[in-house]
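Q: First the structure, then my questions, so here it is.
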Amino acid sequence: MPLILFNKPFQVMCQFSVHPTRQTLADYLDIPNVYPAGRLDADSEGLLLLTDDGKLQHDISHPDHKQPKTYIAQVEGKPDSAMLARLRNPLDLGDFVTQPCIVRQIYPPDWLWPRNPPIRERSNHPTSWLAITLSEGKNRQVRRMTAAVGLPTLRLVRIAIGNFSLQTHPLMPGEWRTVSPAELR
């Protein structure tokens with residue numbers, strides 16, 4: 001089966017089984033025997049890859065295979081050079097230390113869809129956007145990293161996994177398409 005690119009909407013659970021209060025992948029994908037290669041928490045949105053190939057699923061999601069994952073994060077506050085340096089370097093989050101990663105401040109992305117519901121706006125708290133590329137991806141890692149340096153995440157969107165990007169394979173939230181697994185390399 002081809003690899004499936006899916007743009008997971010905000011508040012959708014990364015599972016096919018029924019959830020008592022939220023939508024799940026089953027509300028968007030009626031394809032038997034596919035499973036997500038990695039996860040996004042309900043508060044995060046963006047690119048998710050699904051496949052029925054267990055080896056491919058492992059190759060995508062396991063940190064030993066180093067598939068880079070790029071996120072854009074809208075954070076509360078304005079990062080300074082020390083904050084960005086802390087994010088780029090190994091960061092002790094208590095239960096683990098992150099691997100070095102690529103972090104840069106970016107302009108608000110003009111191609112990004114509006115979130116529903118929108119993030120909270122507070123006029124006395126400016127926001128900024130960061131692009132963060134990781135080769136790992138522990139539970140809520142980006143949110144924990146930004147919070148650790150004093151920049152709480154307000155919105156988190158995974159925009160790329162390996163060679164696949166929502167900028168080169170545009171999908172609106174809830175949309176999906178199939179691609180060849182060979183494109184991952």
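Quick note: the coordinates plus some simple rules give every number you see, no bench work behind them. Computed from a predicted model, the values in this text were never measured in an experiment. Because the Cβ atoms are built from the backbone with ideal geometry, glycine has one as well, and the counts that use them run over all protein chains shown.
Q: Gain in length, Ile119 to Arg39, computed as 0.36 nm per residue apart minus the alpha-carbon separation, to one decimal in nm?
A: 26.6 nm
Q: For the chain, what are Rg and Dmax over the alpha carbons, in angstrom?
A: Values for the chain (Cα only, Rg and Dmax): 16.3, 50 Å.
Q: Also, quick follow-up: In what sequence do Asp92, Asp110, Asp59 fall when counting other Cβ within 10 Å, fewest first?
A: Going from least to most buried by this count: Asp110, Asp92, Asp59.
Q: Another question, then. Quote to one decimal, in nm, the extra length available between Lys66 and Arg177 on full extension: 0.36 nm per residue of separation minus the C-alpha distance between them.
A: Result for the pair: 37.6 nm of gain on full extension.
Q: Return the calculated 222 nm mean residue ellipticity for the chain, to the nearest 500 deg cm²/dmol, obtained by summing -39500 (n - 2.57) across DSSP H runs with n ≥ 4 and dividing by the residue count.
A: Estimated from H runs of four or more residues: -3500 deg cm²/dmol.
Q: Which of Leu112, Leu49, Pro20 sits farthest toward the positive end of the charge dipole of the stretch 4-155, with +1 on the Cβ of Lys and Arg and -1 on the Cβ of Asp and Glu?
A: Of the candidates, Leu112 comes out farthest on the positive side.
Q: Please give the Cα centre distance for the stretch 48-84 versus the stretch 152-180, rounded to the nearest Å.
A: When both Cα centres are located, 11 Å separates them.
Q: Right, next: Would you mind checking the stretch 109-151 for residues with the amide N under 17 Å from a putative spin-label position 7 Å along Cα→C-beta of Gln15?
A: 139-140
Q: Treating only the Cβ atoms of Lys and Arg (+1) and Asp and Glu (-1) as charged, compute the dipole magnitude of the stretch 68-161 about its Cα centre; round to the nearest 20 debye.
A: With only Lys, Arg, Asp and Glu charged at Cβ, the dipole is about 160 debye.
Q: Looking at the chain only, what percent of DSSP beta bridges run antiparallel? Nearest 5 please.
A: Of the beta bridges lying entirely in the chain, close to 90 percent run antiparallel.
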